[in-house]
Amino acid sequence: MQKQTRVVDFGKRSGLKVHPVSIGGMRLPDEEQAIPLLRQAIDAGMIYIDTSRGYPDSEIKIGKALKNGYREKVILSTKWCPWNLKVEPTDDTSAECTYKRITESMRRLDVECLDFYQLWSINNEEQYHQATQKGGMLDGIFKAMKEGLVKHVGFTTHDTPENISRYIDQADWCEAILFTYNMLDRTYEDVIAKAHEKGIATIVMNPIAGGLFTQDSPPIKNAIKKTLGVDDSVEAAHRWLKTNKNIDTIVCGINKPSDITSTIENYEKPVFTAEQMKHLNAEFAKISKQNTGFCVNCGYCLPCPVGINIPPFMQAAYFSEFLKIDNQAGEMYGWQMNPVNASKSADPCKCAECGKCEQKCTQKIKIIQMLKTLKSKFGQSP
């Protein structure tokens with residue numbers, strides 16, 4: 001007999017139920033592995049699927065996995081926006097273009113309707129306005145909903161909490177929001193609570209901080225061991241999220257069977273006590289970027305006179321200097337140094353040491369020295 005898994009409300013507005021762990025379709029393996037992997041996840045109860053037109057061939061793999069009766073078992077969601085991906089050079093924020101992208105995703109997924117279609121990456125007020133103005137993207141989704149092609153609508157975001165709070169007040173149409181949230185990044189804690197209170201489904205991405213909690217970081221492991229007496233950072237991250245009753249489901253990126261089984265096993269373990277949460281939050285506050293004096297991506301250091309995009313390099317410095325995860329820091333540094341991304345940032349080795357960035361830095365970071373340290377650790381090329 002298949003094990004019965006618990007479900008929770010997927011927000012009051014949608015009227016749907018969902019498992020606390022859902023499927024993230026961004027980093028699926030090759031098709032031969034992805035199809036049985038997706039079906040394993042669905043059979044385990046992970047019925048909400050988050051994908052995007054912008055995740056290379058994710059929609060196509062998912063569409064093939066949903067054959068043989070699996071489509072009827074899931075809540076299928078995809079998304080798109082022109083500022084992340086222009087499928088055609090003429091793509092824009094019009095209702096007509098959005099409707100075209102909806103029908104294209106349906107063909108790629110090979111389905112007759114979508115349970116959710118989301119406005120992807122609403123990251124500032126201008127994008128929110130473009131998406132929701134008359135004749136904009138949202139009207140394209142409404143047209144698809146009227147025709148029975150889409151059942152529910154929401155958005156994903158990396159905007160400021162203050163802006164998102166205003167959107168929640170305005171968006172009576174919104175049935176779900178996808179946020180970043182984890183033990184090391186509690187930026188959206190209050191707006192997640194507000195969305196939940198309003199009946200909007202709350203979905204969390206990056207539950208283990210983009211894989212950060214799988215890394216051997218002494219400060220993270222020490223914070224967890226000091227509080228819980230255990231070494232499993234991923235288990236702690238999952239149970240910490242499960243303890244927050246304002247979160248409906250987390251998106252779990254699946255690449256192998258153990259991603260499914262281990263995450264569900266963690267979610268079947270007890271929630272933390274109020275005392276454990278208090279101590280965990282206090283320990284992680286000590287190693288947060290805000291409290292350790294590292295870059296909070298405010299951008300006040302910019303523009304750099306020689307064109308260096310300083311914040312990503314400072315993020316790499318945080319991983320290396322404080323979290324002690326040099327492999328991930330090196331990857332971040334290498335990505336910024338890659339010639340393919342050269343248009344995004346000048347080589348930090350070209351720093352003129354003018355000091356203007358340090359004068360404006362709200363965290364008082366010794367940026368010039370950090371750039372030198374990164375160069376000495378990771379070299380001038382990927």
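Conditions (1) over 27 Å from residue 32 (Cβ atoms); (2) more than 22 Å from the chain's Cα centre (by Cα); (3) surrounded by fewer than 16 Cβ atoms within 10 Å (Cβ to Cβ), marked per residue:
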| residue | (1), (2), (3) |
| --- | --- |
| 49 | no, no, no |
| 52 | no, no, no |
| 61 | no, no, no |
| 71 | no, yes, no |
| 75 | no, no, no |
| 78 | no, no, no |
| 101 | yes, no, no |
| 108 | no, yes, no |
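Out of all the residues in region 304-329, which are assigned to a loop (DSSP other than H, G, I, E, B) and farther than 19 Å from residue 351 by Cβ? 323, 324, 325 - these are the residues of region 304-329 that are assigned to a loop (DSSP other than H, G, I, E, B) and farther than 19 Å from residue 351 by Cβ.
Once region 161-214 is narrowed to residues that are acidic (Asp, Glu) and part of a helix (DSSP H, G or I), the residue that is farthest from residue 287 (Cα to Cα) is 169. The one condition from (1) surrounded by fewer than 18 Cβ atoms within 10 Å (Cβ to Cβ); (2) under 25 Å from residue 158 (Cβ atoms); (3) touching a residue at least 12 places away in the same chain (Cβ under 8 Å); (4) among the charged types (D, E, K, R) that residue 324 does not meet is (2).
All of 226, 242, 269, 221 fail the test of being among the basic types (Lys, Arg) and under 19 Å from the mean Cα position of the chain (by Cα), apart from 242.
Considering only region 248-266, I want to know if a residue exists there that is out of contact with any helix residue (DSSP H, G or I) (no Cβ under 8 Å at 6 or more places or on another chain), more than 30 Å from residue 364 (Cα to Cα), among the acidic types (Asp, Glu) and at pLDDT 95 or above. Checked region 248-266: at least one residue is out of contact with any helix residue (DSSP H, G or I) (no Cβ under 8 Å at 6 or more places or on another chain), more than 30 Å from residue 364 (Cα to Cα), among the acidic types (Asp, Glu) and at pLDDT 95 or above. Quick one: is residue 332 more than 24 Å from residue 238 (Cα to Cα) and either surrounded by fewer than 18 Cβ atoms within 10 Å (Cβ to Cβ) or at pLDDT 90 or above (or both)? Answer is no for this residue. Residues in region 63-118 that are touching a strand residue (DSSP E or B) at 6+ places or on another chain (Cβ under 6 Å), assigned to a helix (DSSP H, G or I) and small (Gly, Ala, Ser): 105 only. Considered as a group, the residues in region 10-36 that are over 21 Å from the mean Cα position of the chain (by Cα) and either buried (at least 18 other Cβ atoms within 10 Å of the Cβ) or not assigned by TED's automatic domain parsing to the domain that holds residue 174 (or both) include one that is farthest from residue 98 (Cα to Cα), and that residue is 35. Here residue 301 meets each of (1) within 18 Å of residue 185 (Cβ to Cβ); (2) in contact with a helix residue (DSSP H, G or I) (Cβ under 6 Å, 6 or more places away or on another chain) with one exception, condition (1).
Of the residues making up region 257-301, those that are under 17 Å from residue 22 (Cβ atoms) and charged (D, E, K, R) number 3. Might you check whether a residue that is within 24 Å of residue 176 (Cβ to Cβ), of a type in the set (Gly, Ala, Ser) and in contact with a His (Cβ under 7 Å, 6 or more places away or on another chain) occurs anywhere in region 59-73? No, region 59-73 contains no residue that is within 24 Å of residue 176 (Cβ to Cβ), of a type in the set (Gly, Ala, Ser) and in contact with a His (Cβ under 7 Å, 6 or more places away or on another chain).
The values are calculated or read from the model by the stated rules, or taken from the named source; none is laboratory data. Since this is a predicted model, take the numbers as computed values, not measurements. As a convention, Cβ positions derive from the backbone with ideal geometry for all residues, glycine included, and neighbour counts pool all protein chains shown.
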